[in-house]
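Down below is the structure, laid out as structure tokens.
Where a number appears in this text, it was derived from the coordinates with a stated rule and is not lab data. Since the model is a prediction, treat every value here as computed from it, not as a measurement. Here the Cβ positions follow ideal geometry from the backbone for every residue, glycine too, while neighbour counts run over all protein chains shown.
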Amino acid sequence: MSDEEHHFESKADAGASKTYPQQAGTIRKNGYIVIKGRPCKVVEVSTSKTGKHGHAKCHFVAIDIFTAKKLEDIVPSSHNCDVPHVNRTDYQLIDISEDGFVSLLTDSGGTKDDLRLPTDDSLLTQIKDGFAEGKDLVVTVMSAMGEEQICALKDIGPKN
Amino acid sequence: MRRLPGGGADLPQLQSTMLAIEQACSSIQMHANPTEAEKIIVSLHDSPMPYQLCQFILENSHMPIARFLAAAAIRVAALREWGLLTDEDKRNLIVFFLGFVMERASASDTYVQSKVSAVAAQLIKRGWQDFTEGDKAAIFLEVKRASEGIYGVDAQFAGMDFLESLVSEFSPSTATSMGLPREFHELCQSSFEKNYLKEFYVWGQNAAVSFGDKIVGSAATTMSEIKVCSAALRLMCQILNWSFKQAASVSGPSSSKTHAFSSGIRHDTLLLKKFERSLVEPGPAWHDVLISSGHTIWILNLYEALRQKYSSDNLLWIDSPLAVSARQLIVQLCSLSGSIFPSDNGQMQIKHLTQILSAIIKWIEPADLILEAITNEHRDSEVLDACHALLSIATLTDCMLFDNLLRSVRPFGTLRVLSTLTCEVVKAYTASADEDDRWSSEALDILLEAWGVVLGRSDFTKTSISTEAVADTANLFNVIVESYLNAAARTALDDDNQSEHFHASISRRDEMLRSYSLIARAAADVTVPFLVGLFSERVSLLLSQKSTNDAISLLEELYWLLLITGHVLTDSGEGETILVPEALQASFSNIPEEAQHPVVVLSCFARHSLDPETRACYFSPRLMEAVIWFLARWADTYVMPLDGTKGHICTPHESQASKRVLHSFAGENDQGKLVLDTIIRISMVALSSYPGENELQTMTCHHLLVALVRRRNVCAHLVTLESWAGIANAFVNERTLFQLNARVQRYLAQALVSAAFGLKDSEASNQYVRNLLGPMTTYLKDISIQNNLKGFAQQADVIYTVICLMERLRGAMRATQPRTQKATFEMGHAVMDSLLTLLEVYKNQSAVVYQILKFVVDLVDAQVTFLNAEDTSILVSFCLQLLKVYSSHNIGKISLSLSSSLQSEAQFEKYKDLRALLQLLVHLCSKDLVDFSSGSDEVDSPEIANVVFIGLHIITPLISLDLLKYPKLSFDYFALLSHMLEVYPEKVAQLNKDAFAHIAHTLDFGLHCQDIDVVDRCLRAVDALVSYHFKSRVKGEEGLGAYAIDSQGTNGELQESILKRFLRILLQLLLFEDFRMELVGSMADALLPLLLCEHDSYQRMVHELLERQSNPDTKIRLADALQRLTSTNQLTSSLERSNRQRFRKNLQIFLTDISGYMRTK
């Protein structure tokens, strides 16, 4: 296990690279993968062989985690694929500005004001309504490969 | 014509209604405004007493579909209002229908005719208990006259048709349920069988005989005469399909066993199920009709004569209804058995079978010409029927008798015929690449089943088959192998995706190969050396080739040879102890050298894969998969085999020679260790030299290694081998094995830990496990205490490593055995805190969360029954903490996404998490049922029931109604809930108000579920809860206490007590909703204690219910039925078993009573 320890300590300086190579055969359904430069979530993996006595290849069907577009890729299963670093961070919602930006409270006490409200209708209404009702809301922001988006919402009780 | 009930309407009114119905029918057919039209038709079904109207439509409408609907409406209405009709009305209805069918027998709209027939049959059955014998006789007299042809040919056909629907209606497997209990159907069946079945058969036979003679004899026969003849044959067939009850009870099993061995006739057979056939056992009463009257000869001659007559236009004729039904009758007669034959040592039955066999032999001889004709002209039905007949005969006879049956008419035995036919069918099957042309596959299935029956019996030995037959089977096997090799070579270059047409699915392929292996083993002395020859020929060809490209067809041939060889040499076992097949032990007695023993020779091919160069050139992943599969089965059978003759002194017998050779090749000696070592090195090659080949690696870890660690004596040698230590070392220290798919790593860990079994004492075993797992737990602990964990934890590589480690620990946990339990629990204990940290850090990485939860599920499952009080409380408090952490992350969380499929994926992940948590609680429950821990005297052991209730309380809010739509989740949830309520009702009373309300609410939801299992569980839970309350009240205790009393709700309104609420729900369910009869038992059990506890409220509810009924007739009948529900059958106010039984009966009667007029939503 010695090389393991060495391994994670060297990576301890966070976020050096945006993706990480991983053998195609080890990527499972629900994992992440980069297809055509986009970070995706795998929704289907099937394997087949190139000819009866050839090598295995993986057929991935995946969905872009930001745009929800469906993408597909076929990779020999012994080759490496890029796996994106997908991060999710929780922030408390402080304010919604009129031009569609939100203001979030970071862990360190500062604010983060560069995120737009989500385009998704139902999440949008939930955030707006919840905020209008004066609830204490925590939003989860998903980030990968330099993009960010609000992806979930949690109600942690009424504002005191 | 007698008047049917439901009058009141005059002629113009009837006519206008008929017009409306006809219009509705035509608009439905033209798809114009279908909802409106449907409404009109439904209203016809629902209207009270529509008989006269329907009669009017049947007699006067010009539209067949309107007549069809009228008949259907009468059926629905009569079954609904049966209780309201007088006996006179019922008889009139039936007489009307029968008259209608006979009179209009020549009408062209046959579907209306058969509908009316079927309705008449259903009504007769519905009233079977009400009518007197005289009534029935009068009805059937008409039918008899018709069947004799008194009313003309068309009516005769109608009579046959009616009898056929009657028989199928009375046969329980084809009956319509009519909402009546099973007892009713059984009573009808046995009375019908006793009094009428044989008579009807004779009627059919008479008709068939008279017309059969006529058709054969004269040149000019009308279509309708042929129609009657085939209808009569169909009726006879239908009757022989009956599952005879009376005969089965007459002939005890003992009487048949006595001459089972002497004559070769078998009675112990339940087979034929696969092709939906069963034995025909009508009993001695049928002897005169079926046997002594020469019935069999007659039908065989009839078919033969017809065959001759129509030989010119054979093609059309062979699939005509007459031919089909005649052949079906013949096939059905093949499976005639039981006490219908006199006890003459089977002579009569043998004669019977010989007769049939010598007739059907003409259908399949000469096999090659006939099959060629089929391929050209698609007339396969006769051959398929012949196959079915052969299978039936094989089922009823033993191998020797089966072979000899034909010798009276042919110079060779039946097995010769069977093998010739199979040869041709196999050729046709392997040659056809066409998916649609599947007659050969069907025929092959039947024939292989017949071979299985002949050769696969447990009492089959070499002596039960003649040398001539052995030669035939050997020849058959050669043809099979060659045909398959040709097919393999032909399809080798096909693309992987499409080429699977050859084997529709793996399990079907394995089943076929198993049948082939039976054939091979019957002639092992010839077939196994034949395989050896083919094998060595191809291996030497392969090794002499220079490039892989030319070799692909060779590879495919070898692939197939490995599969068939694996099947011939070994059995699949499936849970049984696997032994070397008898046939192989007994053969090859003349080969003393192990190096030349065919089994050894065949097994040595795998060794070539160890040479890197050969491997790179020739061992494709697919071939390697076959090698691994073969080795797994081979190792199970031949490596260090358990000596079946333990305790006996092995006498050097000639037939034992082969066994001795095999023992010395891979027994528990140095040679055996060498073999084992080779196998391990091959598996290491499969794991390390084929990156990304998941299937191959799964097969290696999940089959081959599992097979190696299955037996203790093998494990004992495994753990001493260097190669094994090599795998273990690679597993712990090397990165290559981290490249495997995470699931494969779990299997690998499981196999490695399982081998601890072979170490000599428990201390050594635990140390072995510690060495394997120590580094991983250390790694997990280290990572979780890193200060900057949050910083790097989300990197994909770290996530992947954590997932792999969790999978490995899971595998290890699953392999826990009593002797390694200590070490695995230490491992689990060591990572507990780390897991909580990781759960926190990875709360947004569903894959990691799921792995952690699954690990804990396996941890609890493997450990909980072994732990002492102290460790149990450690485990339990860990579980509760885990639940709390999980809940705090997920409660009230709404995740949304642009993509609906990602959204449903997220939902699905949630479902899997929750299901894992429920499993966790279920496993915890088992602590109370099974407890192996030693020190049970300590007092501070936590109460499992409390813990589980707290757990339920934590996770129930997470289970939304949406999630309960996943059937498995809702099943698990309600199973756990009802288990808890049944086992610990007293704890429920102590729950706080919220928790209790939640449980009550959930039960309420479950009772309205569609899933019958869930409703059943909920009913049982209600029963448990209320019975507990009732019993403790009788004892003067509190029972459910405050929950059983009406209370003031938060909003000031009076809230019903829980008991009243359940009572109301159950009554609602019974009376107004679509209640299913299967649930009567549990419903009665839940209702009875409720009635006892809340008698006054019940009376009040019943009163309200009756007040609401507008129809005075219904009101009286309902009141009456409710009265009888609670007061008949000496019902007492106790919850004893007998009383519950009585109440079940009452409820059943009650439901049958009200089925007609209640339950309208």
Requested in this report: Diagonalise the Cα gyration tensor of chain B and give the resulting equivalent ellipsoid semi-axes, square root of 5 times each eigenvalue, largest first, whole Å.
Outcome: 57, 51, 27
**Report entry** Label point distance in nm, B:A32-B:T1128, each placed 7 Å from Cα along Cα→Cβ
**Finding:** 5.3 nm
Query raised in the report: So what is the relative contact order of chain B, in percent, for Cα pairs below 8 Å that sit 6 or more residues apart?
Result: 5 percent
Report summary line: Amide H neighbours of B:L336 at under 5 Å, excluding residues fewer than 5 places away on the same chain, with H built from the backbone geometry, are B:V280
Query raised in the report: In what sequence do B:H998, B:H1095, B:H597 fall when counting other Cβ within 10 Å, fewest first?
Result: B:H1095, B:H998, B:H597
Query raised in the report: Cα to Cα, under 28 Å, and not fewer than 8 places away if on the same chain: which lysines meet these conditions relative to B:K144?
Result: B:K90, B:K115, B:K125, B:K136, B:K194, B:K198, B:K214, B:K227, B:K245
Query raised in the report: In whole Hz, what ³J(HN,Hα) sequence does segment B:211-218 give by Karplus (6.51, -1.76, 1.60; θ = phi - 60°), x for Gly and Pro?
Result: 6, x, 4, 5, 5, 5, x, 9
Requested in this report: Please sort B:563-572, B:1059-1068, B:1125-1134, B:135-144 by packing, taking for each peptide the average over its residues of neighbouring beta carbons within 10 angstrom, highest first.
Outcome: B:563-572, B:1059-1068, B:135-144, B:1125-1134
Report task. Would you mind working out the magnitude of the charge dipole of chain A relative to its Cα centre, with +1 at each Lys and Arg C-beta and -1 at each Asp and Glu C-beta, to the nearest 20 Debye? Result -> 1000 debye
Query raised in the report: Among the lysines, which have Cα under 24 Å from the Cα of B:K673 when same-chain residues fewer than 8 positions away are ignored?
Result: B:K646, B:K659, B:K760
Query raised in the report: Hey, any idea what Rg/Rh is for the protein assembly as shown, computing Rh the Kirkwood way over Cα pairs?
Result: 1.00
Query - Relative contact order, percent, segment B:311-415 [alpha-carbon distance under 8 Å, six or more residues apart] - result: 32 percent
Report task. Assign one of three labels to chain A, namely rounded, prolate or oblate, based on the Cα gyration tensor with a ≥ b ≥ c the square roots of its eigenvalues; rounded applies when a/c is under 1.5, prolate when it is not and a/b is larger than b/c, and oblate otherwise. Result -> prolate
Query raised in the report: Sorting B:D403, B:D972, A:D114, B:D288 on the 10 Å Cβ count, fewest up front, what's the list?
Result: A:D114, B:D288, B:D972, B:D403
Report summary line: If amide H atoms are modeled at 1.01 Å from N in the peptide plane, then the residues at a separation of 5 or more from A:D136, or on another chain, having amide H under 5 Å from its own are A:I156, A:G157, A:K159
Query raised in the report: How would you rank B:Y1098, B:Y690, going from fewest to most other Cβ atoms within 10 Å of each one's own Cβ?
Result: B:Y1098, B:Y690
Query raised in the report: Using alpha-carbon pairs under 8 Å, 6+ residues apart, how would you state the relative contact order of chain A in percent?
Result: 18 percent
Query raised in the report: Considering every residue in B:847-855, what mean count of other chain Cβ atoms within 10 Å of its Cβ is obtained?
Result: 1
Query raised in the report: Across peptide A:22-34, what mean number of C-beta atoms from other chains lies inside 10 Å of a residue's C-beta?
Result: 5
Query raised in the report: What number, rounded to the nearest 500 deg cm²/dmol, is the helix-based mean residue ellipticity at 222 nm of chain B, given -39500 (n - 2.57) per DSSP H run of at least four residues and division by all its residues?
Result: -22000 deg cm²/dmol
Query raised in the report: Which of the peptides B:222-229, B:553-560 is most tightly packed, and how do the rest follow, going by the mean number of other Cβ atoms within 10 Å of each residue?
Result: B:553-560, B:222-229
Query - Residue-by-residue Karplus 3J(HN,Hα) for segment B:509-523, coefficients 6.51, -1.76, 1.60, Hz, glycine and proline x - result: 4, 5, 5, 5, 4, 4, 4, 4, 5, 4, 4, 4, 5, 4, 10
**Report entry** Residue-count net charge about B:H45 - beta-carbon cut-off 13 Å; Lys, Arg +1, Asp, Glu -1
**Finding:** 0
Requested in this report: Based on the mean of other Cβ atoms within 10 Å per residue, sort peptides B:202-208, B:356-362, B:783-789 so the most packed one is first.
Outcome: B:202-208, B:356-362, B:783-789
Report summary line: Partner lysines whose C-alpha sits under 28 Å from that of A:K49, ignoring same-chain residues fewer than 8 away, are A:K29, A:K36, A:K41, A:K57, A:K69, A:K70, B:K546
Query raised in the report: Tell me, what is the FRET efficiency for B:E826 and B:E199 to the nearest 0.05, using R0 = 60 angstrom and their Cβ-Cβ distance as r?
Result: 0.15
Report summary line: Listed by chain and number, the residues whose amide H is under 5 Å from that of A:I35, excluding neighbours fewer than 5 places away on the same chain and using placed H, are A:C40
